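**Q** Take a look at the following structure, please.
Nothing in this text is a laboratory measurement; each read-out follows from the coordinates by a stated rule. Keep in mind that this is a model prediction, so the values were computed, not measured. Positions of Cβ are generated from backbone atoms using ideal geometry, with glycine treated the same way; all protein chains shown enter the neighbour counts.
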């Protein structure tokens with residue numbers, strides 16, 4: 001079965017044929033829709049997802065309802081960070097940000113494969129490490145970078161994982177992703193558009209100048225991406241070529 005198995009998910013491509021022979025019979029193709037909640041905070045997930053064309057936001061929240069995105073996962077990996085680490089439940093809400101396809105794997109299959117296949121576990125832990133670096137980079141960006149730079153970083157990360165230069169997104173959703181008020185998002189979008197880096201239309205943002213966005217994001221962007229390339233040879237630039 002693995003001879004005919006094909007997927008754009010880069011983390012699965014890093015797995016050995018022996019590990020894939022265990023996983024493939026249990027991988028189920030699913031179509032995910034923007035706004036769909038895959039798992040809520042403090043829940044135990046029955047499945048994890050390996051995105052192929054969708055993008056998943058990992059959102060941290062408080063009991064009072066404050067929310068901010070702390071990480072993004074697309075075709076490079078999986079949302080199952082807590083499950084890989086053996087946590088009984090997640091502290092992050094997993095929200096589909098971009099409509100698309102994914103491969104769904106039951107958590108019980110993941111757990112048994114991790115327990116019996118040390119090479120598979122090593123591959124997934126390298127991905128977890130890169131995600132932890134992404135989360136720490138998000139924390140640094142929230143604490144030390146202006147909103148316009150954080151917006152540029154987020155747009156770059158989305159473009160890395162989505163197809164094309166147009167992102168379907170509302171101001172309200174962007175405010176949640178960046179952890180700011182909607183008025184702050186509006187001002188940041190106006191700033192970035194005035195620089196000629198993006199164009200706006202109702203419900204969407206069109207990326208025009210990637211190099212300019214990288215300059216604006218400065219070193220808030222690039223460290224997790226470099227770690228993925230270094231440890232797993234996953235190059236997020238390939239989705240853009």
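**Q** Give me the percent relative contact order of segment 141-240, please, defined on Cα pairs under 8 angstrom at least 6 residues apart.
**A** 37
**Q** Taking the 0 to 90 degree range and rounding to the nearest ten, how far is the long axis of helix 182-194 tilted relative to the main principal axis of the chain, both from C-alpha atoms?
**A** 80
**Q** Here is a further query. Enter the angle in degrees (range 0 to 90, nearest 10) between the Cα long axis of helix 118-144 and the first principal axis of the Cα atoms of the chain, meaning the one along which they spread out most.
**A** 20
**Q** In units of 2.2 N^0.38 Å, what is the alpha-carbon radius of gyration of segment 10-118?
**A** Here the answer is 1.05, to two decimals.
**Q** Defining a contact as two alpha carbons under 8 Å apart and six or more residues distant in sequence, what relative contact order in percent does segment 1-129 show?
**A** With pairs under 8 Å counted, the relative contact order is 35 percent.
**Q** Rounded to the nearest 0.05, what FRET efficiency do residue 30 and residue 111 have when you use their Cβ-Cβ distance and R0 = 22 Å?
**A** Plugging the Cβ-Cβ distance into 1/(1 + (r/R0)^6) gives 0.65.
**Q** Another question, then. Tell me which label goes with the value of P(r) over Cα pairs in 10 Å bins from 0, in percent computed from the coordinates here: (i) 6, 20, 21, 24, 21, 8, 0; (ii) 7, 33, 37, 18, 5, 0; (iii) 6, 29, 32, 21, 10, 2, 0.
**A** Structure-derived value, by its label: (ii).
**Q** Once every DSSP H run of n ≥ 4 in the chain is given -39500 (n - 2.57) and the sum is divided by its residues, what mean residue ellipticity at 222 nm do you get, rounded to the nearest 500 deg cm²/dmol?
**A** -13000 deg cm²/dmol
**Q** Evaluate the relative contact order of the chain (contact order divided by residue number), counting alpha-carbon pairs under 8 angstrom at least 6 apart; express in whole percent.
**A** The normalised contact order for the chain reaches 21 percent.
**Q** Output the peptides 151-157, 124-130 sorted from most to least packed, where packing is the average of other Cβ atoms within 10 Å over each peptide's residues.
**A** Packing order, densest peptide first, comes out as 151-157, 124-130.
**Q** Here's another thing I want to ask about it. As a test of the definition: which semi-axes, in Å, follow for segment 150-196 when you take the square root of five times each eigenvalue of its alpha carbon gyration tensor? Largest first, please.
**A** Its equivalent ellipsoid spans semi-axes of 17, 13, 9 Å.
**Q** Quickly rank 229-238, 71-80, 159-168 as a protection proxy: mean count of other C-beta atoms within 10 Å, highest first.
**A** 71-80, 159-168, 229-238
**Q** Let me ask another. At q = 0.10, 0.11, 0.19, 0.25 Å⁻¹, what base-10 log of I(q)/I(0) does the Debye formula yield for segment 141-240 when every alpha carbon is treated as an equal point scatterer in vacuo?
**A** -0.26, -0.31, -0.92, -1.47
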